[in-house]
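Here's the structure we're looking at; comments come further down.
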Amino acid sequence: MTDSELRQRADKVVPGGMYGHLNAAIFAPGYPQFFERGDGCRQWDVDGREYIDFMCSWGPVVLGHRHPEVEAAAAAQLAKGDCLNGPGAVMVELAELLVDTVPSADWAMFSKNGTDATTQALMVARAATGRNKVLMAHGAYHGADPWCTPSLAGTTPSERADLVEFAYNSLAGLEEAAATVEGEVAAIIVTPFKHDSFEDQELVEPEFARGARALADRLGAALVIDDVRAGFRIDLRGSWEPYGVRPDLTAWSKAMANGYPIAAVTGTDALRGPAQTLYSTGSFWFSAVAMAAAKATIETLRDTNGIAAMEKAGSQLREGLYAQARSHGFTVKQTGPVTIPWLSFEGDADLSVAMHWSSACLRHGVYIHPWHNWFMSAAHTEADVARALEGTDAAFAETRAHLG
């Protein structure tokens, strides 16, 4: 069954044929919608085309598709049971591993999606403080629930009424936002770096991170780090640990189990009591297979220094793309951590150049994205990146010829 045929069938039984951020209709021309398989840092679509994968399934795949140790752990647990009347022993083992790995974690709670985790973290903060207001960076993405999804169909303004926005990396703006709701702030929620779609990424300024921590303490509010996208790709201990900033609550998901569905909230002892008062659950939240996969993923990243491998491959990619862009007469920006990269073209406000280039990359077997950040995995070897750079170079050449 071809991609085109599957799209036609999906149109009849799925609203719009697809939905959300996985809808290839909103990508550049030529992107496939349906995929057949993945292996290491490669994916194959249903039409049999092979790609070196720099999206990693939008972040979850951190060790490479079908990593043997993760698959073995998942299979061993599946042979015993997955969705049972209660969690398996692996839940305790995974929670212990998170507490041992993350300095700000004294406990862990589990769910399935990043949205579950960010929502749960704010529930803990509100239960602890008895307050409602949340300070959040303008334009930040914290999930797909109505409280964090602005101006989309099916949501109402009242669902975002308790959010007060500030500009990312502006400590003065954060202070001003807090002053407008003095005495009402339950939490400050912030991503480890600014990774809004359609925009250049922006690394956090250490002074802002430390200032956010100090302000939360002064307000008696919880500092919540949304590490859903960046977690386990910047620092296993938490993405702000290199700055000496420890949150009260952290939301995790994506790379946590190398593609298996799981999310977590970790928190400090001070919030243990409020956390246990929550009614927050789901039918599949305690499934054991994903927990076994998560335990194996985190242990493998730790034991193989997987983040260093991603940093090496990401640096190779970044340096190669800069050299290629210059040689073809383009000025580009590459922003964000090298493990979570993105490239934009100077003067490309409507992203038309990026769209053409990314489509050309696709034709040369390199899967990147024109308006969303990319992701490196520990499976990207020096040879894989070198092969990908052959494709991106050809794409730069085609884009230059197209533009004249």
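General remarks:
- With respect to the conditions (1) farther than 27 Å from LEU278 by Cα; (2) without any contact (Cβ under 8 Å) to a residue 24 or more places away in the chain, ALA89 lacks only one, and its number is (1).
- Within the range 153-174, the only residue that satisfies the criterion of being modelled with pLDDT of 95 or more and loosely packed, with under 15 Cβ neighbours inside 10 Å is ALA172.
- Test: residue in the range 343-365 that is under 16 Å from GLY59 (Cα atoms) and either out of contact with any Gly (no Cβ under 8 Å at 6 or more places or on another chain) or in contact (Cβ under 8 Å) with a residue 60 or more places away in the chain (or both): no
- Subset of the range 228-262 [free of Cβ contacts under 8 Å to residues at least 40 places away in the same chain and either buried (at least 24 other Cβ atoms within 10 Å of the Cβ) or part of a loop (DSSP other than H, G, I, E, B) (or both)]: GLY231, GLY244, VAL245
- Selection from the range 167-180 of residues that are in a helix (DSSP H, G or I) and of a type outside the set (S, T, N, Q): LEU171, ALA172, GLY173, LEU174, GLU175, GLU176, ALA177, ALA178, ALA179
- Residues being more than 21 Å from GLU311 (Cα to Cα) and either surrounded by 19 or more Cβ atoms within 10 Å (Cβ to Cβ) or in contact with a Leu (Cβ under 7 Å, 6 or more places away or on another chain) (or both) - total across the range 365-384: 2
- Test set (1) crowded, with 19+ Cβ neighbours inside 10 Å; (2) part of a loop (DSSP other than H, G, I, E, B); (3) out of contact with any helix residue (DSSP H, G or I) (no Cβ under 9 Å at 6 or more places or on another chain) - ALA349 fails condition number: (1)
- Candidates MET123, MET136 - the one that is in a strand (DSSP E or B) and surrounded by 15 or more Cβ atoms within 10 Å (Cβ to Cβ): MET136
- From the options ARG387, ARG318, residue that is over 23 Å from the mean Cα position of the chain (by Cα), part of a helix (DSSP H, G or I) and within 21 Å of GLY306 (Cβ to Cβ): ARG387
- Remark: pairs (first residue in the range 376-404, basic (Lys, Arg); second residue at pLDDT 95 or above; Cβ separation under 9 Å; 6+ apart in sequence or on different chains) = ARG387/ILE52; ARG387/GLY365; ARG387/VAL366; ARG400/HIS328; ARG400/GLY329; ARG400/PHE330.
- Residue in the range 102-111 that is within 25 Å of GLY220 (Cα to Cα) and among the β-branched types (Val, Ile, Thr) present: yes
- Boolean, VAL164 is touching a Lys or Arg at 6+ places or on another chain (Cβ under 7 Å), under 20 Å from ALA212 (Cβ atoms) and not in a loop (DSSP other than H, G, I, E, B): yes
- Every listed requirement among (1) in contact with a His (Cβ under 9 Å, 6 or more places away or on another chain); (2) within 18 Å of VAL92 (Cβ to Cβ) is met by ASN258 save one, (2).
- Unique residue being modelled with pLDDT of 95 or more, closer than 19 Å to GLU69 by Cα and not in a strand (DSSP E or B) when the list is HIS372, HIS380, HIS356: HIS380
- Taken over the range 32-44, the criterion of being crowded, with 19+ Cβ neighbours inside 10 Å and in contact with a helix residue (DSSP H, G or I) (Cβ under 6 Å, 6 or more places away or on another chain) is satisfied by PRO32, CYS41.
- Positions within the range 117-139 being in contact (Cβ under 8 Å) with a residue 40 or more places away in the chain and farther than 18 Å from ASP248 by Cβ, in sequence order: GLY139
The values are calculated or read from the model by the stated rules, or taken from the named source; none is laboratory data. The model shown is predicted, which means the values in this text are computed figures rather than measured ones. Cβ sites come from the backbone with ideal geometry, for glycine too, and all protein chains shown count toward neighbours.
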